[in-house]
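Since every read-out is calculated from the coordinates, none of them should be taken as a lab result. Note that the structure is a prediction, hence the values are computed from the model and not measured. No Cβ is skipped: glycine too gets one built from the backbone with ideal geometry, and neighbour counts run over all protein chains shown.
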Amino acid sequence: MTMARAVSSRRSLLGHSYNLVGVVASLVILAWTLVAIFAPYVIPHPIGDIVDDDYFGPMRQGLWLGSDYLGRDMLSRVLMGARYTVGISLAAVSIACFSGVVLGMIAAVTGGWLDTCLSRFLDAMNSIPSKLFGLVVVAAVGSSIPVLILTLAVIYIPGAYRFARALAVNINTMDFMTVARVRGESTVYLIGSEILPNIIRPVLADFGLRFVFIVLLLSGLSFLGLGLQPPLADWGALVRENIGGLPFAAPAVIVPSLAIASLTISVNLLIDNLPQKIRDRDA
Amino acid sequence: MKSGVLNLVLKRLAVAVVTLLIVLFAVFFATSMLPGDTASILLGQAATPEAVAGLREAMHLNDPAILRFLRWLLGLLHGDLGTSYANEMPVAALIGGRFVNTMKLAGITTLISVPLALTLGITAAMLRGSFFDRAVTILSIGVISVPEFMVATLAVLLFAVYLRWLPALSSVNEAHSLADLVRIFAMPVITLTFVISAQMIRMTRAAVIETLSTPYVEMALLKGASRSRMVLRHALPNALGPIVNAVALSLSYLVGGVIIVETIFNYPGIAKLMVDAVATRDLPLIQSCAMIFCLGYLLLITAADIVAIMSNPRLR
């Protein structure tokens with residue numbers, strides 16, 4: 001996500017495409033990133049403290065986003081929730097994309113039985129619905145942050161692999177690849193210096209999309225009670241624990257939902273508004 | 001030439017069968033990792049170690065995993081899904097009614113969302129760049145970008161809390177009249193329709209736009225064909241393959257969608273059954289539910305691929 005943004009801002013500085021929607025989306029993403037990093041230093045109340053006599057309190061001075069089902073400060077909880085939602089998703093998407101892209105490039109360069117086996121196996125993994133997989137694994141080994149990160153990463157490795165392999169197969173047929181092979185370069189050199197620079201832009205755009213999928217899946221799991229466990233709470237868990245406020249339209253249930261939506265919609269809009277050159281498969 | 005297509009389709013089907021086996025294997029092993037010993041859970045805390053050991057023996061829990069997997073697979077082929085650990089009922093009996101409920105939900109959603117999404121997707125592509133197109137695009141990006149539970153929450157907020165048109169919970173057994181039926185299915189179906197349609201609209205729009213940029217459509221434009229004729233006669237028949245592909249792929253999102261929707265609306269379907277089974281660690285039930293979901297998902301994505309193969313004119 002952050003890298004996709006860096007790419008976009010560099011392009012717009014060069015004057016290639018100045019797009020209002022893209023800029024606004026980048027700003028929202030930047031804001032949430034900063035919140036995720038600095039949340040512990042800026043929250044007005046500790047997240048566990050009960051500061052309101054009333055539960056599902058309305059927005060008012062001092063409690064800018066109202067209070068939750070126990071009377072805890074919602075603003076602090078949402079800010080800290082950003083940490084978990086953004087942090088876990090970012091860690092998971094980094095693992096997924098790194099492994100997927102490296103495996104994809106290796107499969108494309110070496111070909112043969114390795115390529116066939118890897119593709120078959122990962123395609124089969126892809127045929128397990130993501131939510132079902134998350135449900136079964138998290139139920140099986142319990143839910144902790146490392147388990148969540150690994151589960152989410154494993155679920156999205158096949159997609160990243162497929163995407164990178166398709167791109168790398170095209171590059172693999174180019175003349176410069178043949179030349180490099182004739183020179184006797186190693187596989188590491190081939191994927192690192194010949195293939196990667198040619199597919200990095202679409203891969204970064206894919207990174208952003210996959211980040212959105214992971215945020216959505218994590219929130220969905222947390223909402224089902226299978227994600228982050230109390231006292232920790234990401235945005236999905238915040239919606240779950242405050243769902244009782246829905247009949248009164250309490251800010252405690254609406255604000256975390258809006259937080260998820262603002263992050264995921266921004267990433268999607270940013271990628272949609274990237275210059276064609278970056279987004280395209282054959283960039 | 002025709003045999004080329006047939007070969008590809010057969011190959012794809014073979015891949016699907018292999019995939020199914022791998023998936024079944026994965027489901028079986030993932031559920032075998034569930035924490036806690038089933039025998040001691042079943043007998044409760046007061047059980048003696050001898051009783052637990054006896055039950056483990058009776059349930060073949062001490063056998064190697066591969067043996068249990070093969071036994072389970074053999075049972076599946078005979079239509080025997082095993083016995084629920086939690087209440088001793090055959091899994092098939094537990095699943096039967098629930099399965100029908102979920103299929104009803106999926107069926108109604110499909111009947112509503114497919115025509116809706118195709119109409120919106122195709123018109124948006126025809127009127128590309130217009131206000132209508134932008135509204136549809138932004139709305140569908142919005143729906144795709146938010147979790148399913150949020151769509152459901154918003155629907156409850158709007159229809160049950162503010163407008164008070166519909167009940168927030170479902171209970172299929174209370175249906176006495178058509179009006180009851182509509183009230184029961186409305187909320188889950190609305191939520192699922194939003195989720196599925198958004199995907200379908202985006203893919204359909206992209207497919208039609210791609211066809212509209214081909215030389216033969218430009219030719220149609222240059223010879224003076226009207227806009228609707230250009231789209232309906234020249235572009236649409238060629239975009240049909242990608243569109244059907246998009247429909248099948250989008251419908252596979254139903255699998256993830258129903259898990260959330262059935263839980264939120266307390267709809268007595270198979271996904272709710274499975275989420276409950278995870279809570280009680282009911283192994284045979286989880287395995288069977290997961291298998292049904294994987295099977296449905298696999299069927300849809302295989303269908304999507306086969307349509308894509310058949311509709312490719314270069315292979316015909």
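Looking only at other chains, what is the average number of their beta-carbon atoms within 10 angstrom of each beta-carbon in B:138-147?
Working: counts 3, 0, 0, 5, 5, 1, 6, 13, 9, 16.
Counting other chains' Cβ atoms within 10 Å and averaging over B:138-147 gives 6.
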Could you tell me the center-to-center distance, by alpha carbons, between the stretch A:143-175 and the stretch B:181-236 in angstrom?
30
Let me make sure I get this right: for the stretch A:95-181, a, b and c are the square roots of the gyration tensor eigenvalues over alpha carbons, sorted descending. Under 1.5 in a/c it's rounded, otherwise prolate if a/b > b/c, else oblate. Which is it?
prolate
Shielding of A:224-237 by partner chains, average beta-carbon count, 10 Å:
1
tail above 17 Å in the computed P(r) of the stretch A:188-283, as % of all Cα-Cα pairs, reads 61
Go ahead and set up a Gaussian network model of chain A, Cα springs under 10 Å, then flag whichever of A:155, A:191, A:271 fluctuates most.
A:191
Compute the helix-to-body angle for A:196-223: its Cα long axis versus the longest principal axis of chain A, expressed 0 to 90° and rounded to tens.
30
With everything on Cα atoms, drop me the angle between helix A:251-272 and the longest principal axis of chain A, reported from 0 to 90° to the nearest 10.
20
Residue among A:123, A:53, A:115 with the largest mean-square fluctuation in a Gaussian network model of chain A, springs linking Cα atoms under 10 Å:
A:53
Once the Cβ-Cβ distance between residue B:53 and residue A:102 is put in as r, and R0 is 45 Å, what FRET efficiency do you end up with, to the nearest 0.05?
0.40
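Specify whether the C-alpha gyration tensor of the protein assembly as shown places it in the rounded, prolate or oblate class, a ≥ b ≥ c being the square roots of the eigenvalues: rounded for a/c under 1.5, otherwise prolate if a/b is larger than b/c and oblate if not. List each step's numbers first, then the result.
Numbers: a/c = 1.34, a/b = 1.16, b/c = 1.16.
In terms of gyration-tensor shape, rounded.
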Pick from A:77, A:183, A:240 the residue whose mean-square fluctuation is largest in a GNM of chain A, springs joining Cα atoms under 10 Å.
A:183
Proximal lysine pairs in the protein assembly as shown, meaning Cα under 23 Å and 8 or more positions apart or interchain, come to 4
Kindly state, as a whole number, the per residue volume in cubic angstrom of the convex hull around the alpha carbon atoms of the stretch B:182-316.
121
Relative to the longest principal Cα axis of chain A, at what angle does helix A:130-141 sit, 0 to 90 degrees, rounded to 10?
70
Hey, can you grab everything whose amide H is under 5 Å from the amide H of residue B:85? Only 5+ residues off in sequence or another chain; H modelled, so Pro and N-termini drop out.
B:283, B:285
Each residue of the stretch B:201-215 in order: what ³J(HN,Hα) in whole Hz does its phi give by Karplus 6.51 cos²θ - 1.76 cosθ + 1.60, θ = phi - 60°, with x for Gly and Pro?
4, 4, 5, 4, 4, 4, 5, 5, 4, 5, 5, 5, 8, 7, x
Read phi for every residue in the stretch A:225-240 and hand back ³J(HN,Hα) as whole Hz from Karplus 6.51 cos²θ - 1.76 cosθ + 1.60, θ = phi - 60°, with x for Gly and Pro.
x, 9, x, 4, 9, x, x, 5, 8, 8, 5, x, 5, 4, 5, 4
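For residue A:69 and residue B:295, what is the calculated FRET efficiency with R₀ set at 45 Å and r taken between the beta-carbons, to the nearest 0.05? If you can, show how the numbers build up before the last one.
Working: r = 39 Å, r/R0 = 0.87.
Between residue A:69 and residue B:295 the formula returns 0.70.
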How many Cβ atoms of partner chains, on average, are near each residue of A:90-98 if near means within 10 Å of its Cβ?
0
Using a 7 Å offset from Cα along Cα-Cβ at residue B:226, what residues in the stretch B:117-133 end up with backbone N under 17 Å from the label point?
B:123, B:126-127
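Counting helices only, and only those DSSP H runs with n ≥ 4, report the 222 nm mean residue ellipticity of the protein assembly as shown as the sum of -39,500 (n - 2.57) divided by its residues, in deg cm²/dmol to the nearest 500.
Numbers: 24 runs with 427 residues, N = 599.
So the calculated ellipticity at 222 nm is -24000 deg cm²/dmol.
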Could you go through the stretch A:31-46 in sequence order and give the Karplus-derived ³J(HN,Hα) for each residue, using 6.51 cos²θ - 1.76 cosθ + 1.60 with θ = phi - 60°, rounded to whole Hz, and x for Gly and Pro?
4, 5, 4, 4, 4, 4, 6, 9, 3, x, 8, 10, 5, x, 10, x
